[in-house]
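The values are calculated or read from the model by the stated rules, or taken from the named source; none is laboratory data. Every value quoted in this text rests on a predicted model; they were computed, and no experiment measured them. As a convention, Cβ positions derive from the backbone with ideal geometry for all residues, glycine included, and neighbour counts pool all protein chains shown. Heavy atoms of the whole protein, side chains included, go into the accessibility calculation; ligands, DNA and RNA do not. Shrake-Rupley method; radii C 1.70, N 1.55, O 1.52, S 1.80 Å.
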Amino acid sequence: MTIRIYNSYTRKKEDFKPISNKKVRMFVCGPTVYDFSHLGHARTYIAYDVIAKWLRYKGFDLFYLMNITDIDDKIIKRAKENNEDPIKLARRFEEYFFKDMASLGIDTINLYARASEHIPEIIDQIKRLIEKGFAYVTKTGVYFDVSKFEDYGKLSHQDPEELKRHRIEPDPNKRNEQDFSLWKRRKEGEPYWDSPWGEGRPGWHIEDTAIAEKYLGQQYDIHGGGADLIFPHHEAEIAQMESVSGKKPMVRYWLHTGFLKVKGKKMAKSLGNYITIRDALKKYDAETLRLFFLSTYYRSPIDFYEEKIEQAKRALEALQRTVDNIKELNKRVDGLTEYEKTLEKIIEESRRGFEDAMDDDFNTPLALSHLFNLAREVNKLFNKQKDVNKRLADKLIATFKELGGIFGLLQKEGINEELPEELRMLIEKRKILKEKKDWKAADEIRKRLEDLGIILEDTPQGVKWKRKSS
Ligand code: AMP
């Protein structure tokens, strides 16, 4: 099926047709690295990670680019407070950001590009804007003249009257109140670079278009970010790039994620209502957090409740148990039983349902329901049989791994994987003792594990363990 994507620009779902057939170029706005990333960032970057995984699953050759904002007012302010060099501070938090992304299983980005390493490209783009009459130089820097770009406001669907209400970067030297800065002249204590307009630093919006133009060209397929970036950031990007290139549209599909909210307000550094990714990972594993986020459509807001994360944790454990149970059943090589034949059909239906849901604007909650439905049907098998056809078992495990993998779920070898090596060895040893009918020695091991907080349970599918609740 063709993928359909909701385009924030047209406000409609459209058939996905990349510019160059199977090649897809995607740009997602990266973080401003001045502090630890929080769960709001995780919400957005996990969404784009799954979108990237889905495009690749569908056979697209995706190039996924993310910028790193390492020059910005917030970074400079924080560096001053810390009495630290701004670029040094940015590098430190960038490193934490990369670690957070890796811990969350976000592994789809082809290239990260820092603003500070693209100053020549930024200067070149500003020069072209000035030459074409879209930008002007003042005492304080260089500004984009929004009155010269008649499409200004098209992404955020604002008419000129509405746009006038926004007061951006107040400066008496500007021609229009809505003009935004492309280059800011050097101020004491700020990082700076040489330019034809004096020493200074780039504005935020031009960092992204200069980087995108270099690696993706003047027109590309997908641009993403959180919903807060639609105005003025993405609006300004369109104005810059389409003015420089004279080509429209700069981007075919604009995607925006809904906020993670706490008590109705966006989780944000400035509001102090955030939980950092690193703190959340001390309590929950990455797969649990991913399942929590992916249970909501990427464009919808999510209300943060710990109870919902706990629910995701339980649901994930149940799903993982189903996969573990299939592994542990005895395998047969003869034909399929009646129920196995039904199950084989359900696998196909579930995959189709999952694929259709993802093709329909990456509807992750609906896709997940197909995965959970498959698990429910598999669980019926355990009540009916003590063994399973080997080919069917392999197919089931492969289906769970593959579809789960698109969401970054079910990638562990099993729930038991989390158990330290020595304890797993003890469980194995007890299994051998039981096979030899050495009940006394087997019981001693059970007792030893219990003292270590591990409860064993002998089930028809094999030995299960759980932690003793305190
Ligand atoms: P920032 O570092 O603040 O520029 O944010 C980086 C990305 O995370 C942007 O795409 C933001 O829209 C997104 N983001 C920040 N806070 C949240 C939130 N509470 N929920 C969802 N996305 C967010």
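Cβ-Cβ distances below 8 Å connect the following pairs, each with a first residue in segment 124-147 that is within 20 Å of Lys214 (Cβ to Cβ), a second residue that is of a type in the set (S, T, N, Q) and part of a strand (DSSP E or B), and a separation of six or more residues or different chains: Val142/Ser181; Phe144/Ser181.
Candidates in segment 270-289 are the residues that are open to solvent by less than 40 Å² (accessible area, probe 1.4 Å) and out of contact with any Phe, Trp or Tyr (no Cβ under 6 Å at 6 or more places or on another chain); of these, the one that is nearest to the ligand (Cβ to nearest atom) is Asn273. If Phe98 satisfies every condition in (1) without any contact (Cβ under 8 Å) to a residue 60 or more places away in the chain; (2) open to solvent by less than 40 Å² (accessible area, probe 1.4 Å); (3) aromatic (Phe, Trp, Tyr); (4) away from the ligand (no atom under 13 Å from the Cβ) but one, which is the exception? The single condition Phe98 does not satisfy is (2).
Within segment 1-59, if we keep just the residues that are touching a residue at least 24 places away in the same chain (Cβ under 8 Å) and among the acidic types (Asp, Glu), the residue that is nearest to Phe293 (Cα to Cα) turns out to be Asp49.
State whether the residues of segment 324-336 include one that is in contact (Cβ under 8 Å) with a residue 12 or more places away in the chain and either within 16 Å of the ligand (Cβ to nearest atom) or of a type in the set (Ser, Thr, Tyr) (or both). No, the conditions are met nowhere in segment 324-336. Checking the stated criteria, Glu237 turns out not to satisfy the condition of being in contact (Cβ under 8 Å) with a residue 40 or more places away in the chain and either crowded, with 24+ Cβ neighbours inside 10 Å or away from the ligand (no atom under 16 Å from the Cβ) (or both).
Here is the figure for segment 45-80: residues that are part of a strand (DSSP E or B) and within 13 Å of the ligand (Cβ to nearest atom) total 4. Taken over segment 290-328, the criterion of being farther than 15 Å from Leu409 by Cα, of a type in the set (Phe, Trp, Tyr) and not in a loop (DSSP other than H, G, I, E, B) is satisfied by no residue. Test Trp197 against the criterion of being away from the ligand (no atom under 14 Å from the Cβ) and at negative phi, and give yes or no. Considered against the rule, which asks whether it is away from the ligand (no atom under 14 Å from the Cβ) and at negative phi, Trp197 comes out as yes. Within segment 10-44, the residues that satisfy the criterion of being surrounded by 20 or more Cβ atoms within 10 Å (Cβ to Cβ) and more than 16 Å from the ligand (Cβ to nearest atom) are Phe16, Pro18, Val24, Arg25.
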